[in-house]
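Okay, structure first, notes after.
The values are calculated or read from the model by the stated rules, or taken from the named source; none is laboratory data. Treat the numbers as computed from the prediction; the structure is a model and nothing was measured. Every residue, glycine as well, gets a Cβ built from its backbone with ideal geometry; the counts of neighbours run over all protein chains shown. For accessibility, only protein heavy atoms count, side chains too; no ligands or nucleic acids. Shrake-Rupley method; radii C 1.70, N 1.55, O 1.52, S 1.80 Å.
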Amino acid sequence: MKLITEIAEALARKLSWELADVLINISVPPRPEMGDIAFPCFRLAKTFKKSPGEIAADLKRSLEDEADGGLKGMFQALDRIEAAGGYLNFFIRRDYLARTVLRSSIEAGLKPGSSDEGADKTVIVEYSSPNIAKPFHVGHGFSTFLGEAIANLFEFGGYHVERFNHLGDYGTQFGKLIVAWRLWGDPDALKKAPIGELTRIYVKFHEQADVLPELEDEARAAFSRLEHGDPEEIALWENFRDVSLNEFNKIYDRVGIAFDNTNGERFYSPMIPEVVETLKSKGLLEESEGAQVVNLDSFDLNPCLILKSDGSTIYASRDIASIIYREDVYNFFKNIYVVGIPQKNHFNQVFAVMKRMDFPKADDCIHVAFGTVRFAGGVFASRTGNVVLLEDLLDTSVAKTRALIAANNPDMDDHEVDTIAEQVGVGAVRYAYLRNGRERDIVFSWEEMLDFEGDTAPYLMYTVTRCASLERKAPLRLLERANHVSDEELSLLVSDDEQELIKEIERFPEAVKAAREAYEPSIMIRQVMTLARSFNTFYHNSSILKAENDELIVARLALTQAVGRTLSAGLRLAGIEPVDRM
Ligand code: ARG
């Protein structure tokens, strides 16, 4: 807010301090009766040889002396200044707050909190990254929804975002799949349910290899042929990759996510000899039990394995190659990995190797970790035994939501019920992934997730429809006026509930920025939830369309619109598309 800067500038001048030092000390008091902006005077006691209380009183007097002079503008925004308990407390005029906050919300339109701080900077966000031929489980769902929200937050800040899906499409398991496919593969089944079929033959391979150990040798040979570019093996591998990706794309389409780059691990494999050369030339490669490693003692980490004793590459070497590739092609500002907590050590090792290589942007590579997913009340019934598929989670959520929507709207036609249930049901799942700090484990429970009054997407989405329905019900002439609301009208929003709501609207842009800086969408989500709760309090305590006069109706409609826009922006950042009614 401009006012804070004005106050800070005035104080800096009075104290002969740097502006930045004043700004650091300024805070928001914990309770409204202590004002809106506070400046503590304790640190000044030594310099001025006075008590903090006396200093606060002096500053107050000295500022007030200029109320009709140089500080006229500042005092027009202030109700009063109080010196209390060693603090200088500034009370903002309620009409001023209403006018300025809502005016800037109106100016921000559908994107409150957006900025261009990231202009000319490219941020790579790598997320989802499932493994070819393996089920897309709820853990990949965590990465997918968290990563998309983080990508959205950066885009909102004006950054150029590259969405990466680092497919797990390489490794010795593909040798096994090739052997298993030749022995037991069923092309029809592969067409119908690719991942189901690939999982079936993979499981069978392991069962058979227990009794026929030579299968393992065949698999190693097949993988080696694949690594050396044998066209037949490559064709099989490509087919496995294509059919798997097809299936993953169905999920991505359903949840509206599109990647800019789906280079899998194999893509980076040919770049590894160069990485090895660089490591060698810098004297960083050491032999350990036949394998090539980089020692990371100085980072308190175990050595990072680069080449196995048979010369084949591993997961970490592909990640190292990919960082160099990403820097060459994208010149990234940040390179973010949205991957579960169990891979913390892996990324620590990879980034430490980059540091030892003197790679200048090692500190701009960031592992954004997240917890595990569990289900309340025992195991979630699933088609594949122990893993829960994201698709099953989404389907169940949508089915349960559908029943609720249909019950609440007996007149709604089936098609509309379906559309809304899909949006709300998928939204509920996404929200459940994002609402808490990302490193916390998630325990899914249907009662909690779909509670229309709870800490849920349905509650937020319902609040948005409430705002929309107020607009629909408003007399057209007043809605028109609200669309061009005047400063005089906005200045009427001075009740406690209105002021509280206005302050929550004002906090949204800060929450967006903080969420981006901490790679933690939950910070933004918490603010959206607090705003929705204050709106519903206001809604229950005050009449909006039946306020005492037209001016107040217009002002409250404009406030309602600002709430609706802010909530919708927050939901969209979380990847949840609001609905008009539900
Ligand atoms: N495919 C891996 C898995 O499913 C995640 C890949 C993480 N990304 C990376 N660059 N290593 O566990």
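Here are a few things to note about the model shown:
- Of all residues in the range 298-318, those that are within 14 Å of Asn345 (Cα to Cα) have Cβ atoms under 6 Å from Cβ atoms of residues that are in a helix (DSSP H, G or I) and of a type outside the set (A, V, I, L, M), 6 or more apart or on another chain, in Leu301/Asn348; Leu301/Gln349; Cys304/Gln349.
- Within the range 317-334, tally of residues that are open to solvent by 10 Å² or more (accessible area, probe 1.4 Å), within 11 Å of the ligand (Cβ to nearest atom) and either in a loop (DSSP other than H, G, I, E, B) or in contact with a Cys (Cβ under 9 Å, 6 or more places away or on another chain) (or both): 0
- Test result for Arg266, of a type in the set (Lys, Arg), under 21 Å from Val338 (Cα atoms) and in contact with an Asp or Glu (Cβ under 8 Å, 6 or more places away or on another chain): yes
- Residues (within 16 Å of the ligand (Cβ to nearest atom) and among the hydroxyl-bearing types (Ser, Thr, Tyr)) located in the range 87-144: Tyr127, Ser128, Ser129, Ser143, Thr144
- Criterion applied to Leu153, Leu167, Leu183 was being of a type in the set (A, V, I, L, M), touching a residue at least 60 places away in the same chain (Cβ under 8 Å) and either surrounded by fewer than 24 Cβ atoms within 10 Å (Cβ to Cβ) or over 15 Å from Leu573 (Cα atoms) (or both), and the one residue passing it is Leu167.
- Residue within the range 345-355 that is touching a His at 6+ places or on another chain (Cβ under 6 Å), in a helix (DSSP H, G or I), within 12 Å of the ligand (Cβ to nearest atom) and over 18 Å from Glu162 (Cα atoms) present: yes
- Pair list, Cβ under 8 Å, 6 or more apart: the range 1-13 residue without any contact (Cβ under 8 Å) to a residue 40 or more places away in the chain and within 15 Å of Ser27 (Cβ to Cβ), other residue open to solvent by less than 10 Å² (accessible area, probe 1.4 Å) and assigned to a helix (DSSP H, G or I): Ala8/Val22
- Check on Tyr337, within 12 Å of the ligand (Cβ to nearest atom) and within 22 Å of the chain's Cα centre (by Cα): yes
- Put simply, of Leu63, Leu167 the only residue that is within 16 Å of the ligand (Cβ to nearest atom) and either aliphatic (A, V, I, L, M) or more than 30 Å from Glu197 (Cα to Cα) (or both) is Leu167.
- Within the range 536-568, the residues that satisfy the criterion of being touching a Leu at 6+ places or on another chain (Cβ under 8 Å) and closer than 30 Å to Thr144 by Cβ are Val563, Arg565, Thr566, Leu567, Ser568.
- Any hit, the range 170-192, residues being within 26 Å of the chain's Cα centre (by Cα), under 24 Å from Gly229 (Cα atoms) and within 16 Å of the ligand (Cβ to nearest atom): no
- Residue that is closer than 25 Å to Glu577 by Cβ, modelled with pLDDT of 95 or more and loosely packed, with under 13 Cβ neighbours inside 10 Å, where the choices are Asp414, Asp418: Asp414
- When Glu155 is tested against (1) touching a Phe, Trp or Tyr at 6+ places or on another chain (Cβ under 8 Å); (2) under 24 Å from Val464 (Cβ atoms), only condition (1) is not met.
- Selection of the range 569-582 for residues being in contact with a Leu (Cβ under 7 Å, 6 or more places away or on another chain) and either free of Cβ contacts under 8 Å to residues at least 24 places away in the same chain or not in a loop (DSSP other than H, G, I, E, B) (or both) yields Ala569, Leu571, Leu573.
- Filtered by the rule that a residue be under 24 Å from Glu247 (Cα atoms), open to solvent by 30 Å² or more (accessible area, probe 1.4 Å) and of a type in the set (A, V, I, L, M, F, W, C), the range 190-231 gives Ala193, Val203.
- The range 247-288 - residue that is open to solvent by 30 Å² or more (accessible area, probe 1.4 Å) and touching a Pro at 6+ places or on another chain (Cβ under 7 Å) and, of those, nearest to Ile323 (Cα to Cα): Ser288
- Note on the range 83-117: residues that are under 17 Å from Gln561 (Cβ atoms), over 29 Å from the mean Cα position of the chain (by Cα) and open to solvent by 50 Å² or more (accessible area, probe 1.4 Å) amount to 1.
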